[in-house]
Structures are given as structure tokens and as C-alpha cells.
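Trainee: This is the structure I want to talk about, given as C-alpha cells.
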Protein chains: 2
Amino acid sequence: MDQDFVWKDETDLLWGALSSGGAFLVVLDPHGKPNPMTIGWGQIGIVWSRPAFTVLVRQNRYTYECLRAAESFTVSVPAPGKLKDELFLCGTKSGRSLDKFRAAGLTPRAARLVHTPIVAECLAHYECRLLARTLVALPDVADPEIVDRFSYTDGNTHAAFFGEILATYTTPNSAT
Amino acid sequence: MDQDFVWKDETDLLWGALSSGGAFLVVLDPHGKPNPMTIGWGQIGIVWSRPAFTVLVRQNRYTYECLRAAESFTVSVPAPGKLKDELFLCGTKSGRSLDKFRAAGLTPRAARLVHTPIVAECLAHYECRLLARTLVALPDVADPEIVDRFSYTDGNTHAAFFGEILATYTTPNSAT
């Protein structure tokens, strides 16, 4: 395992992005169209003895459907403070009825090791192969504030998707 | 949310430890006795808009039983290359029939914000409040190599326990 995957400079950019405007999770939909969704949550570390990136997606999101059928996903991180409008659009619109890459004026660029593209306008990128999915289920949420704040009582909980990080890199000459 | 939680220097120590000998996951057993288990896997990031540490524990481990009943856990990280024998013992013996703190010659020290103690001999520490648990279940593991290597077909999969990171710090004057 290449340990550099999990604690390179990209990780600092990622934490910064998750704590502010977010980053783009990209996954191919069942028709092969790439769909970007804004994420503010994510975890990095080692799982199954591999460098792993975990994203959480709610079950009613189009991205959830896509991830269930996909083999990979990518996470693209904007430069600090950039792409605010694009992040907003990709966090509030659904890819079910909209080509969000086109609507946001973002460019899908071929990834290095997976079929899912990255966002060309971003600075740091993670390419991940899907390993597993786990559903957050009640009553296994210990904190009632989470159940209430995220309306889990209607069954629409999040799922955690674990991806093996195959590549991590920056593209300093991004389109922005 | 204090963003410093997730990308402080402790994280570098943690990644280094997980990739070599491991770190200690401590949890109180149902009788209130602290039980350390060696972990080589773990993830850090943001979940439910909080800084989060996720550990994966197999369902047949005593630590799994403890975590199901506990309200918190801690992760203590040895200085690089230290406590190899202690990590080995706490990764191969079960707390069901053994006081692993005593057997390993380790010292439980009161944590700052949770009831679960830290390992005094370690350098970096995470104090976490349990938020949720998710079970890894078949057929939701996409990689057959994982199913085979970790013998998941008998149902003894791992569970992911999500903890909110309440405190992260180093204790340079540790007992080693």
C-alpha cells in the first residue's frame, strides 16, 4: 500500500473544502453520464488494509442510485474559496433531470485510473474504486440530535460508501 | 465546530501508526473496565457536520460488545516505533478473559472529556463520543477479495463505529 495516498497535501485542501463550501463527488449515472454532487462530509484513512475514502449519501439522492450501480467515484476539491456558485448548484439540484456539469459550467476531465471523470476546474483530486456500502439504520444512531436534525425517522438515512483511493494528485493548471 | 480537530499534527502520527504497528482503541466494557484493542484501520473526517473518527471492529470481538454498550471511546497513538510488544498483545488477546491493560503493562489515564481512559504511555490521543454504528453486510461489499480475505461469508463482518471527536492532543511527557 502506498501510504502517501492518505496524508499528502491534498488532504489539507480537502479538509479545508469540506469545512467551507464543499467538494465535488462525481459518479457515473446508469447511462454513463457523469453527475457531480456537492459534499461537506467525508472521511479518509485505512480500511481493509487499503487507503480509503468514505462518502455519505442520503438514500433519496440520485447520487445514491448512481453509486449503487457504479464501480468508482472521484472527489474533486476546488482551490480555497473558488467555485462557490458551482458548489451551490451541485448541492441543490438533482442530476435526475439536469446535466449538472453543463448547468454549472464545469468540465469533466478523464481520470487517470478510473472511468469516472474528475472536475477539471478543481485543484485536488481523489480517484476511488468502490469497495462497499453500509446503511445507517435506526436504532443504531446513538445521538438523538442526529436522528432529529437529519429526519432519520422516516427511514431516509445516509449510506456510507467506502472507496479504495487509487490515486491522489493536484492539477495546478486547472481551468479556473 | 472546531476544524482543528481533524487536521492537527496528531493526524500525521495516527496515519503513521496505522500503517505500521497500529494504535490502541480503548473502550469500557459492560463492567466499567477499560479494554484496549489494537487497530490498524481507522478514518478521520467530517460526518453529520462534526469532526468524526470511525473505527471498524469485527462482530466477534469483545471490543464490539463493549462498543455496542458504550458511550465513548478513545484512540491512543504510540510514538513512532514504540510499544510494539504492547500493540501485539492487545491485537491478539481478548479482553473477555484478560485485563489487557495490566497484561501489557499499560496505564489507563483519565481522559479530559469522556469517561473512557487514554493509554498513558502513548503520544497522541483522540477522545470520541459514540454517534452511530453501521454493519458491513453482504452483498454490499463490492470487492470479492475483501469477502474472501476477511471471511465475510460466515456473517462475521466488521461494524463501523462513528465517534464525534471531542478532543485531540498530544501528551509529550508520556510514560515511555
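The values are calculated or read from the model by the stated rules, or taken from the named source; none is laboratory data. All values reported here derive from a predicted model rather than from experimental measurement. As a convention, Cβ positions derive from the backbone with ideal geometry for all residues, glycine included, and neighbour counts pool all protein chains shown.
Trainee: Looking only at region A:6-22, filter to residues that are over 16 Å from the mean Cα position of the chain (by Cα) and more than 10 Å from chain B (Cβ to nearest Cβ); which one of those is modelled with the lowest pLDDT?
Mentor: Taking the candidates together, the pick is A:Lys8.
Trainee: Does B:Leu98 satisfy the criteria of being among the hydrophobic types (A, V, I, L, M, F, W, C) and within 14 Å of chain A (Cβ to nearest Cβ)? First the steps, then the outcome.
Mentor: Numbers: among the hydrophobic types (A, V, I, L, M, F, W, C): yes; within 14 Å of chain A (Cβ to nearest Cβ): no.
Here the answer is no, as B:Leu98 does not meet what is asked.
Trainee: May I ask you to list the residues in region B:93-108 that are within 29 Å of B:Ala132 (Cα to Cα) and in contact (Cβ under 8 Å) with a residue 12 or more places away in the chain?
Mentor: Result: B:Ser94, B:Gly95, B:Arg96, B:Asp99, B:Lys100, B:Phe101, B:Leu106, B:Thr107, B:Pro108.
Trainee: Residues of region A:153-166 being within 12 Å of A:Val136 (Cα to Cα) and either away from chain B (no Cβ under 12 Å) or surrounded by fewer than 20 Cβ atoms within 10 Å (Cβ to Cβ) (or both), which ones? Talk me through it step by step, then tell me what you get.
Mentor: Step one: filter region A:153-166 for residues within 12 Å of A:Val136 (Cα to Cα), giving A:153, A:155-161.
Once the filter is applied, which keeps residues that are within 12 Å of A:Val136 (Cα to Cα) and either away from chain B (no Cβ under 12 Å) or surrounded by fewer than 20 Cβ atoms within 10 Å (Cβ to Cβ) (or both), region A:153-166 yields A:Thr153, A:Gly155, A:Asn156.
Trainee: Quick check on region B:62-89: of everything there that is among the aliphatic types (A, V, I, L, M) and buried (at least 17 other Cβ atoms within 10 Å of the Cβ), which residue is farthest from the other protein chains (Cβ to nearest Cβ)?
Mentor: Residue satisfying both the conditions and the ranking: B:Leu89.
Trainee: Return only the number of the condition from (1) among the hydrophobic types (A, V, I, L, M, F, W, C); (2) under 30 Å from B:Val57 (Cβ atoms); (3) away from chain B (no Cβ under 14 Å) that A:Ile39 does not satisfy.
Mentor: Of the numbered conditions (1) among the hydrophobic types (A, V, I, L, M, F, W, C); (2) under 30 Å from B:Val57 (Cβ atoms); (3) away from chain B (no Cβ under 14 Å), the odd one out for A:Ile39 is (3).
Trainee: Still on this model: Within region A:150-176, which residues are of a type in the set (Gly, Ala, Ser) and either on the phi > 0 side of the Ramachandran plot or outside any loop (DSSP other than H, G, I, E, B) (or both)?
Mentor: Within region A:150-176, A:Ser151, A:Gly155, A:Ala159, A:Ala160, A:Gly163, A:Ala167 qualify.
Trainee: Please go through region A:149-164 and pick out each residue that is closer than 22 Å to B:Gly42 by Cβ and acidic (Asp, Glu).
Mentor: The first filter runs over region A:149-164 and keeps only residues closer than 22 Å to B:Gly42 by Cβ, leaving A:158-164.
Passing the criteria: only A:Glu164.
Trainee: Then there's this: So is B:Glu121 part of a strand (DSSP E or B), on the phi < 0 side of the Ramachandran plot, among the charged types (D, E, K, R) and surrounded by 21 or more Cβ atoms within 10 Å (Cβ to Cβ) or not?
Mentor: no
Trainee: If I filter region B:125-151 down to residues being touching a Leu at 6+ places or on another chain (Cβ under 6 Å) and modelled with pLDDT of 95 or more, which single residue comes out as farthest from the other protein chains (Cβ to nearest Cβ)?
Mentor: B:Glu127
Trainee: Would you say B:Leu113 is in a loop (DSSP other than H, G, I, E, B), free of Cβ contacts under 8 Å to residues at least 60 places away in the same chain and away from every other protein chain (no Cβ under 11 Å)?
Mentor: Taking the combined requirement at face value, the residue satisfies it.
Trainee: What tally of residues in region A:128-149 results from selecting those that are in contact (Cβ under 8 Å) with a residue 60 or more places away in the chain and outside any strand (DSSP E or B)?
Mentor: 1
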